[in-house]
Amino acid sequence: MKKIFSLAAVFVLLICSASAERNFLSFSFGLSSGIPFYGTEESNNYAKELDSSSRFVIGTYALLNLNIVKTASVYSGAELISDFKWQNPYYTNHLHCDFPLGIRLSPGLAGFSFGTAYLLGFRGDFYKVEVIDENEDTSKVEKMNTATAWGNGFKFFLEYDFSYHGSQMLPTAGLSWTFMPRGNNEYDNLLQIYFGLNL
């Protein structure tokens with residue numbers, strides 16, 4: 001029975017790959033930026049201490065795509081988003097690490113596609129802030145490194161692949177929204193824009 005199932009699965013994969021114009025397996029990588037919205041009270045309180053600070057959000061991703069048919073692909077990989085906020089010598093830095101498993105659908109509108117993904121991930125927090133106690137008119141410096149609990153979230157995205165028109169070296173541009181639980185009934189929302197290449 002296992003042999004029959006294995007042969008049927010291989011046959012279906014071969015048929016699907018033959019019907020697809022692109023490679024059955026492809027690789028995507030790129031850079032992203034955006035705006036994280038934190039549901040953790042501690043993160044928001046520390047961020048308020050640096051209201052006049054500088055901020056820089058940068059991310060990267062690497063994905064393996066299984067292009068089942070021309071109009072659909074399944075993908076998995078890793079995503080990393082870094083949120084740096086500082087006002088020397090203080091800082092509140094966050095590192096989002098996610099592992100997606102998703103599907104991308106192409107409705108036949110040139111290079112336009114959309115999709116969703118299940119995410120497993122966590123967030124690392126790195127703080128050095130001056131906390132002012134207004135009641136006692138004192139302040140102290142707090143420095144700590146913590147990590148949230150692992151969470152199961154989801155992501156929705158819209159993207160356009162400019163390489164659809166011929167040149168493989170043209171980028172893909174996209175917009176995404178990520179919703180990630182962080183434990184203790186707290187949730188992060190990330191709005192991102194990204195640019196990448198599909199090989």
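The values are calculated or read from the model by the stated rules, or taken from the named source; none is laboratory data. Remember, predicted model here, so these are calculated numbers, not experimental data. Note that we place each Cβ from the backbone using ideal geometry, even for glycine, and neighbour counts take in every protein chain shown. Calculation scope for accessible area: heavy atoms of the full protein, side chains included, ligands and nucleic acids excluded. Shrake-Rupley method; radii C 1.70, N 1.55, O 1.52, S 1.80 Å.
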- [ ] Evaluate the following for T60: is it part of a strand (DSSP E or B), β-branched (V, I, T) and modelled with pLDDT of 95 or more?
- [x] yes
Open item on the list: Give me the strands (runs of 3 or more DSSP E) completely within region 118-199, filtered to those with at least 3 residues that are open to solvent by 60 Å² or more (accessible area, probe 1.4 Å), ordered by residue number.
Closed with: 138-147, 151-161, 187-198
TODO: Determine which member of the set I15, I35 is modelled with pLDDT of 90 or more, loosely packed, with under 13 Cβ neighbours inside 10 Å and not polar (S, T, N, Q).
DONE: I35
